[in-house]
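Novice: A single structure is presented below for examination.
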Amino acid sequence: MLLSLTGCGGSGGERTSTNPPSSASPRSNGFVYSGPSAQSPDITRFQTYLWANLINSDRCGACHGDNGQTPRFANSTDVNAAYSAIQAYVSLSDPDSSTLVNKVSQGHNCWLDSDSACAATLTSYIQNWAGTSISAAAQTIDLSAPVQREAGSSKNYPDDASAFSNSVYPLLTTHCAECHSDTADFAQSPYFASADLNTAYAAIKSKIDLNTPEQSRVVVRLAKEFHNCWSTCSSDANTMLNAVTQFSNGVATTEVDPQLVISKALRLTDGIVANSGGRFESNVIALWEFKTGEGNTAYDTSGVEPAMNLTFNGTVSWVGGWGIQISDGKAQASTSSSKKLHDLITATGEYSIEAWVAPANVTQEGPARIISYSGGTTARNFTLGQTLYNYDFLHRSSTTDPDGMPALSTPDADEALQATLQHVVVTFDGINGRRIFVNGQLVSTQDDTPPGTLSEWDDTFAFVIGNEVSNNRLWQGVVRMAAIHDRALTPEQIQQNYDIGVGQKFYLLFNISNLIDLNDSYIVFEVSQFDNYSYLFNAPFFASLDPNAAPNDIPLIGMRIGINGRETTVGQAFSRLNTRLNQADYQNGQQTLSRIGTIIALEKGPDDDEFFLTFEQLGDHSNVYVEADSSVTASANTSTTAVSDVGLRNFAEIRATLSELTGVRSTLPALASTYQTVEQALPATESLDTFVSAQQMAITQLAIEYCNALVEDTDLRSTFFTGFDFSANADTAFDTSGRAQLIDPLIANFVGSNLDTQPTDSAVRTELESLITNLTRCTNTTCDAERTATVAKAACSAVLGSAVMLLQ
Amino acid sequence: MKQLLQSLPLLILSLNQPPEQAHALFPSQTIRLYDYLPPSQRTPSAKLHTLWAARLILALLLLASLIGTSVVYAGSREQAKRLHDRITGVPANAETLDRMAALIEAGSPNEAANVAMTHDAFYNVTLKNWITPWTNLDRTPFAPLNDYTATVIGIIRDDLDFRRILYDNILYTAPNSGAPLYAMTNNDHYAFLENNGISLQTALEQTTQSAMSDLPADATAGVLTTRQGARAFFSSGTNRAQLRYTLLNHLCLDLEQIKDITRSPDRIRQDVTRSPGGDSRIFLNNCVGCHAGMDPLVQSFAYYEYDYDADSDPEGENGRLIYNAEGTLNPDTGTRVQNKYLINSTSFPNGYITTTDTWTNYWREGPNRILGWDSSLPGNGAGAKSMGQELAHSEQFATCQMQKVFKTVCLRPPSSSTDRSKIATMTSNFIGNGYRIKSAFAEAALFCMGD
């Protein structure tokens, strides 16, 4: 009933080791061992990596020491005896599953506030001890039959928060707002007691179980974990239970449509952990996986002492599927624990910063500090920062200034930084200098600054994520993992860690045996929590756990993912699947259905959301998928705003019209040049509302040019202004007949005749008469023939550039 | 106009002042007007002339605007004037006006519209301006004539089925105009036509893209595969622009209006992050709505690229369309698919990987059914030609063309129930009339020529 497959898995998976950890120096607190020497190399490793970290009186040494209770694996007087005592409690091939780890993870005398952090730290100790004994090769995953759940009816959160606001919310705001509110002095996520109802509603969903109110985290925390009760825990828990029950009673149950062809159901936690591959962590000296999910501390679980636990300051919240989100704050280690970095890195002269980050945007700069080991805005040992689309690596050495400048950045043109989850690694060593890798690829160019040495490093700085230590270089985004290595990772090691990914992944085996009449048949998805709001359902395949079974041409059409009793409307990437399960494609016990993945919205949280699959056809079972009639009639625009019936001529129409009216070709160089100058100042559209005075000026200028060309062209002007004497002086040219010879053609050609939509002839004539009279008062100017032409141009331009031309 | 009405007292005052005092009232206009004169003409007297010219222009403008905004029952001459103005962009000469007015009076307004459409300005001005914004990313009319514009103009002149603009192997050039030969690597041919005021009505001749370029006939898709269509919408990026702008320009829909988050996201490429800034709600509520339908359509352009030197020629003036024909493999992708389809693949490695140019129209189902897809077409295929046909054969395509024609001729979008009813009638006539645009221009112009 087992099926093995090879796959890649999550961080927290096994690690590979090619070299002994360089940070092998004792991390004790002054204790000097004087007992018998380790009798084997393995005992030496045990002594270095695990025993030395357990013997202290604030750890296991308090009880499991020299004369304490058995097993005495923390015997500080005889490391060989301790080695013997611990054998039954550790698994070097699978450190995660060591009894020692399990015991602590269940709350057995954890020395930190977080049991999971103690477990992770112990795991690291054991991994460090195991070293090369863990294979670098991808491990095989054994698929086994999961629990059987029927896709049941389920209560789902209503979109509207009113039911919550009348039941649980008042209790939360009264008793929990001192911490669990984003406006609290010591704000701790989740903010389910936020003054903003919608914020609180979004945060509470993973803490309430609508189907079984007594299992809600908000009830359990009071009843069994005695978490900040406000009177007596039992009565407080009861009050909370009543409120949750009231909320639940007001929510209608979602029934599974009986017509659906469905698989058995699963929750994420029913899955098989898919942690097969190995991260390269041999030289990790600080590691944050952000698994805790609550509280104000992110634990350094590298197992290298002292632990650089990060304290949250400002708005820093936990992200589902492991991670923290920096909104307006930072996560900072103490200067004393940060000194570990100084000591270990200056010893090797090289290091790497590795992180999985999702920048919130591509507009922040400063550089905005993603990860920094610094003393302020002008002094640092190193910083990984963001400037728009670039990652920046500031690094202090003998060849850079105290601020780590000049920085090494990813090339602008590459836009390597994107506002999505990325694996970024920066390395420094004495040969290659600084290098920046994004998603496994080297993206930085050759570092122009010589490598130098780390002799200038300052051991009084603090390590910080999300801001400068001085709080004035905020970076916004999500950090899902961060690690410091005291060696420069090789490109191969970086690629290896990138391939492994981040976060915990599970194989979910959806049972379809009853639908296809084939034993132990499953559709298997690799599923992980993608971020706070969704799951990733990836690369489905068909598998039977019965080694003798093989599908015989079974149709599989239209597969959809259901959650909490209903199919989701968004993200159904397999709804168009149309394949057949057959022996030809069924290789090594599985048949790939698709290589793609899709994300499905998270509803209640990974502990409570229940998934199942539906099929339009599977084997002999079918259900015609009927899409909800979502077609909407295009809403008729019922606007009745009055719109002008007339408009302007636009830029090109004006030009063509001026040419049409004057007979002057627009291709004349002078006209083409002027048009090019004023083109974009002319009306671009016909709308009257857009008309501005600058456009009138451009029109006028162009009209003057056309009239100038008309009057300067003797053939054109004699045809247009028939009989008008352009050689006469201005004081004689504009007598009665001269004025008529000038004005009449202007009205006839430009204004048109018998058109009620144009100004009357007399109105135009009066204005032109007035203009000519004024312009021919030659008291202070010469009234020669040149002025005659000028006056003619003015009269022409006055009409041509006016509304008689412009309006249509 | 509103600004002018508000400045009425000032205008009246200025008209009653001697020039020197009026100068004080309109200093900025006067100086600007004067400054516009050629340097050789910037004499003191010219300064005064320009002032007076400006004053008179403003006065006339005001006068005419008051006439224009009042309710006017137009006679046949006024109707003929407007018909000509709206169709050609320029006023009719006296003879043409008389002729058109006579036709209107004789009950043949359609004939009158046809008279207007024989004017060169209908092609060189009205249609050039109508089409030019479709041919560039900024959707600006201030752009040179190009092969996209000329081809649409030619199709209209020849009264061809207008849907062919999105899928036919067709191109219009002016081989006997004295212009440089058509080239895949520059726009000189069309720039010459425009700069020399060549009549497009007479100069354009129909040919095929496959004859004038190295594009195989089955890789042609009307304006989408013209040089300018490629330059504007296949340059850099991911080729999604070609679809988005085709929807904007030819279906009158932006993606926001047709986004549908319920379509299957199975064809969304790897470059689309599923968790922008770490928040997948943005993807689930927004991004998926466009990409789910868009990406499987854009796949039809997978073999196209616009090749240019981004450093020395950032505008792509001298770039050219590239098409990976049968047997041509992209060295990076190992298929005929262009690199741009596989860029940023680490944004979501589990996304769709393009290997061919097969496309599917997911919007045939769901709320976008109402766009009226052609039931005689399969809704999927390979390459730009069949995808262009899919779009062109939708009812929305026809409706959009009518909306655009209406706005161009009536100088306003449909803005009353009467207008909208007219659009429906025009669309129906357009479809029934073999998708010929000229008659739609005439119909709209008659509708808006005044009562």
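The values are calculated or read from the model by the stated rules, or taken from the named source; none is laboratory data. Bear in mind that the values here come from a model prediction, so they are computed numbers and not experimental data. All Cβ positions, glycine included, derive from the backbone under ideal geometry; neighbour counts span all protein chains shown. Each accessible area value is taken on the protein alone, full model and side chains, heavy atoms only, with ligands, DNA and RNA left out. Shrake-Rupley method; radii C 1.70, N 1.55, O 1.52, S 1.80 Å.
Novice: Looking at (1) among the basic types (Lys, Arg); (2) more than 8 Å from every other protein chain (Cβ to nearest Cβ); (3) in contact (Cβ under 8 Å) with a residue 12 or more places away in the chain, which is the one condition that is false for A:Arg777?
Specialist: Condition not satisfied by A:Arg777: (3).
Novice: Answer yes or no as to whether A:Asn578 is open to solvent by less than 10 Å² (accessible area, probe 1.4 Å) and under 29 Å from B:Pro367 (Cα atoms).
Specialist: So A:Asn578 fails the test.
Novice: Considering only region B:266-281, I want to know if a residue exists there that is within 28 Å of the chain's Cα centre (by Cα), within 14 Å of chain A (Cβ to nearest Cβ) and either aliphatic (A, V, I, L, M) or not in a helix (DSSP H, G or I) (or both).
Specialist: There is no residue in region B:266-281 that is within 28 Å of the chain's Cα centre (by Cα), within 14 Å of chain A (Cβ to nearest Cβ) and either aliphatic (A, V, I, L, M) or not in a helix (DSSP H, G or I) (or both).
Novice: Let me ask something else about it. Counting only residues that are away from chain B (no Cβ under 14 Å), give me the strands (runs of 3 or more DSSP E) lying completely in region A:580-629 with at least 2 of them.
Specialist: A:590-592, A:610-618
Novice: How many residues are crowded, with 24+ Cβ neighbours inside 10 Å and in a loop (DSSP other than H, G, I, E, B) when one looks only at region A:778-808?
Specialist: Residues meeting the conditions: 2.
Novice: Sticking with this structure for a sec: Could you pull out the residue among B:Phe441, B:Phe447 that is touching a Lys or Arg at 6+ places or on another chain (Cβ under 7 Å), under 26 Å from B:His84 (Cβ atoms) and either surrounded by 20 or more Cβ atoms within 10 Å (Cβ to Cβ) or within 12 Å of chain A (Cβ to nearest Cβ) (or both)?
Specialist: B:Phe447
Novice: Among A:Ala368, A:Ala413, A:Ala358, which is aliphatic (A, V, I, L, M), within 21 Å of the chain's Cα centre (by Cα), surrounded by fewer than 17 Cβ atoms within 10 Å (Cβ to Cβ) and more than 27 Å from A:Glu305 (Cβ to Cβ)?
Specialist: Matching residue, one of A:Ala368, A:Ala413, A:Ala358: A:Ala413.
Novice: While we're looking at this one, here's another question. For the subset of region A:498-517 comprising residues that are in a loop (DSSP other than H, G, I, E, B) and open to solvent by less than 20 Å² (accessible area, probe 1.4 Å), which member is farthest from the other protein chains (Cβ to nearest Cβ)?
Specialist: A:Ile512
Novice: Identify, from the list A:Ala347, A:Ala358, the residue that is in contact with a Lys or Arg (Cβ under 8 Å, 6 or more places away or on another chain) and outside any loop (DSSP other than H, G, I, E, B).
Specialist: The match here is A:Ala358.
Residue-by-condition table, conditions (1) outside any loop (DSSP other than H, G, I, E, B); (2) of a type in the set (Lys, Arg); (3) touching a Pro at 6+ places or on another chain (Cβ under 9 Å):
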site: A:Glu214; (1), (2), (3): yes, no, no
site: A:Val220; (1), (2), (3): yes, no, no
site: A:Cys229; (1), (2), (3): no, no, no
site: A:Ser234; (1), (2), (3): yes, no, no
site: A:Ala237; (1), (2), (3): yes, no, no
site: A:Ala243; (1), (2), (3): yes, no, yes
site: A:Leu266; (1), (2), (3): yes, no, yes
site: A:Arg279; (1), (2), (3): yes, yes, no
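Novice: So which residues in region A:706-719 are within 14 Å of chain B (Cβ to nearest Cβ) and closer than 17 Å to A:Arg787 by Cβ, if there are any at all?
Specialist: The answer is A:Cys707, A:Asn708, A:Val711, A:Glu712.
Novice: Looking at B:Asn380, B:Asn344, which is the one that is in contact (Cβ under 8 Å) with a residue 24 or more places away in the chain and open to solvent by 40 Å² or more (accessible area, probe 1.4 Å)?
Specialist: Result: B:Asn344 is the single residue among B:Asn380, B:Asn344 that is in contact (Cβ under 8 Å) with a residue 24 or more places away in the chain and open to solvent by 40 Å² or more (accessible area, probe 1.4 Å).
Novice: Tally the residues that are in a strand (DSSP E or B) and at positive phi, restricting the search to region A:518-543.
Specialist: Number satisfying all stated conditions: 1.
Listed here are the residues, each with its yes/no results for (1) more than 13 Å from chain B (Cβ to nearest Cβ); (2) open to solvent by 70 Å² or more (accessible area, probe 1.4 Å).
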site	(1), (2)
A:Ala694	no, no
A:Ile704	no, no
A:Phe721	yes, no
A:Phe726	yes, no
A:Arg739	yes, no
A:Ala748	no, no
A:Gly752	no, no
A:Asp756	no, yes
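This table checks each residue for (1) surrounded by fewer than 19 Cβ atoms within 10 Å (Cβ to Cβ); (2) not in a helix (DSSP H, G or I).
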| site | (1), (2) |
| --- | --- |
| A:Cys179 | yes, yes |
| A:Thr183 | yes, yes |
| A:Tyr191 | no, yes |
| A:Thr199 | yes, no |
| A:Leu210 | no, yes |
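Okay, residues lined up against (1) assigned to a helix (DSSP H, G or I); (2) at pLDDT 95 or above; (3) within 18 Å of B:Gln79 (Cα to Cα):
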{"site": "B:Thr96", "(1), (2), (3)": "yes, yes, yes"}
{"site": "B:Val115", "(1), (2), (3)": "yes, yes, yes"}
{"site": "B:Asn124", "(1), (2), (3)": "yes, yes, no"}
{"site": "B:Leu127", "(1), (2), (3)": "yes, yes, no"}
{"site": "B:Leu137", "(1), (2), (3)": "no, yes, no"}
{"site": "B:Ile156", "(1), (2), (3)": "yes, yes, no"}
{"site": "B:Asp159", "(1), (2), (3)": "no, yes, no"}
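Novice: Can you tell me which residue is modelled with the lowest pLDDT among those in region B:359-377 that are within 18 Å of B:Gln257 (Cα to Cα), open to solvent by less than 20 Å² (accessible area, probe 1.4 Å) and not in a helix (DSSP H, G or I)?
Specialist: B:Gly372
Novice: Considering only region B:282-314, state which residues are of a type outside the set (Gly, Ala, Ser), open to solvent by less than 20 Å² (accessible area, probe 1.4 Å), touching a residue at least 12 places away in the same chain (Cβ under 8 Å) and not in a loop (DSSP other than H, G, I, E, B).
Specialist: B:Leu284, B:Val288, B:Met294, B:Asp295, B:Pro296, B:Leu297, B:Val298, B:Gln299, B:Phe301, B:Tyr304, B:Tyr306
Novice: Take the conditions at positive phi and of a type outside the set (A, V, I, L, M) and apply them to B:Gly107. Does it pass?
Specialist: Against the criterion (at positive phi and of a type outside the set (A, V, I, L, M)), B:Gly107 qualifies.
Novice: Same structure again: Checking the conditions here, which among B:Phe192, B:Phe162 is of a type outside the set (D, E, K, R), out of contact with any strand residue (DSSP E or B) (no Cβ under 6 Å at 6 or more places or on another chain) and open to solvent by less than 10 Å² (accessible area, probe 1.4 Å)?
Specialist: Only one candidate passes the filter, namely B:Phe162.
Novice: Still on this structure, please answer the following. Would you check if A:Ala763 is part of a helix (DSSP H, G or I), more than 8 Å from chain B (Cβ to nearest Cβ) and of a type in the set (A, V, I, L, M, F, W, C)?
Specialist: no
Novice: While we're looking at this one, here's another question. Looking only at region A:666-692, how many residues end up being more than 8 Å from every other protein chain (Cβ to nearest Cβ), open to solvent by less than 30 Å² (accessible area, probe 1.4 Å) and more than 51 Å from the chain's Cα centre (by Cα)?
Specialist: 1
Residue by residue, here is whether (1) open to solvent by 20 Å² or more (accessible area, probe 1.4 Å); (2) touching a residue at least 60 places away in the same chain (Cβ under 8 Å) holds:
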site	(1), (2)
A:Thr490	yes, no
A:Asn519	yes, no
A:Ile523	no, yes
A:Val527	no, yes
A:Asp531	no, yes
A:Asn552	yes, no
A:Leu556	no, yes
A:Met559	no, no
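Novice: When region B:378-422 is examined, which residues are found to be more than 9 Å from chain A (Cβ to nearest Cβ), over 24 Å from the mean Cα position of the chain (by Cα) and in a helix (DSSP H, G or I)?
Specialist: Matches in region B:378-422: B:Thr418 only.
Novice: Further, regarding this structure: Being assigned to a strand (DSSP E or B) and of a type in the set (D, E, K, R) is the filter here, so list the residues in region A:365-397 that pass it.
Specialist: Answer for region A:365-397, where residues must be assigned to a strand (DSSP E or B) and of a type in the set (D, E, K, R): A:Arg369, A:Arg380, A:Asp392.
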